[in-house]
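The values are calculated or read from the model by the stated rules, or taken from the named source; none is laboratory data. Note that the structure is predicted; figures quoted are calculated from it, not measured. Backbone-built Cβ (ideal geometry, glycine too); neighbour counts: all protein chains shown. These area figures cover heavy atoms from the full protein model, side chains too; ligands, DNA and RNA do not enter into them. Shrake-Rupley method; radii C 1.70, N 1.55, O 1.52, S 1.80 Å.
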Amino acid sequence: MALQTILLAVGPGDADRTEELAEAVVDVASPTGAQVVLAHVFTDEEFDGVVSQLDYDPAGDIDTDEVASRHATVRELTNAFDEAGVEYTVRGRVGEHGESIVDLANEVNADRVVVGGRKRSPTGKAVFGSTAQEVMLSAPCPVTFVRGD
């Protein structure tokens, strides 16, 4: 099975692991020539906060892909992909993190999904939920989990 599309999903907690995420994706995308879809998923509250920081006209249409592409985490990752010569597109989504990532993986026909996270206790997962766990259990393709320090 050839890898054609890799979905790298990032969110608000991934700012401290961009280097690890970029390295994991470049290591797979470069030799295979896979296209990377770099997605930032926002909850409604997160999106409203980012939009207010970016000084968008509240009366105008807001392009979620553009908002995502202007996010600092995404810019760091796109810089790394540019340096490595990896082709990518940026997508933005508003919704529940796990569900939105799985929906986007289906939409772009991803061959691999890459998500970041941190080590959590079983109790922490049960009480707070885990986006990465939801993606791993529901994604239509293999999922690579990149753990932050």
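Below are the figures for this structure:
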quantity: Residue count, the range 88-107 (criterion: touching a Leu at 6+ places or on another chain (Cβ under 8 Å) and over 17 Å from Thr5 (Cα atoms)); calculated: 1
quantity: Criterion violated by Met136 - all others in (1) open to solvent by less than 60 Å² (accessible area, probe 1.4 Å); (2) hydrophobic (A, V, I, L, M, F, W, C); (3) in contact with a strand residue (DSSP E or B) (Cβ under 9 Å, 6 or more places away or on another chain); (4) at pLDDT below 90 satisfied; calculated: (1)
quantity: Residue within the range 101-117 that is farther than 19 Å from Thr144 by Cα and assigned to a loop (DSSP other than H, G, I, E, B) present; calculated: no
quantity: Among (1) among the hydrophobic types (A, V, I, L, M, F, W, C); (2) open to solvent by 30 Å² or more (accessible area, probe 1.4 Å); (3) more than 13 Å from the chain's Cα centre (by Cα) - the single one Ala15 does not satisfy; calculated: (3)
quantity: Near pairs, Cβ below 7 angstrom, 6+ apart or cross-chain, from the range 1-12 (in contact (Cβ under 8 Å) with a residue 60 or more places away in the chain) to any residue that is open to solvent by 10 Å² or more (accessible area, probe 1.4 Å) and among the basic types (Lys, Arg); calculated: Leu3/Arg112; Ile6/Arg112
quantity: Residue ID - farthest from Val10 (Cα to Cα), chosen from residues in the range 86-100 that are open to solvent by 40 Å² or more (accessible area, probe 1.4 Å) and assigned to a loop (DSSP other than H, G, I, E, B); calculated: Glu87
quantity: Positions within the range 65-83 being surrounded by 20 or more Cβ atoms within 10 Å (Cβ to Cβ) and either β-branched (Val, Ile, Thr) or touching a Gly at 6+ places or on another chain (Cβ under 6 Å) (or both), in sequence order; calculated: Val67, Ala68, Thr73, Val74
quantity: Qualifying positions in the range 11-43 - within 16 Å of Gly95 (Cβ to Cβ), touching a strand residue (DSSP E or B) at 6+ places or on another chain (Cβ under 6 Å) and modelled with pLDDT under 90; calculated: Gly11
quantity: Some residue of the range 38-46 being among the charged types (D, E, K, R), exposed (fewer than 15 other Cβ atoms within 10 Å of the Cβ) and either in contact with a Cys (Cβ under 9 Å, 6 or more places away or on another chain) or free of Cβ contacts under 8 Å to residues at least 24 places away in the same chain (or both); calculated: yes
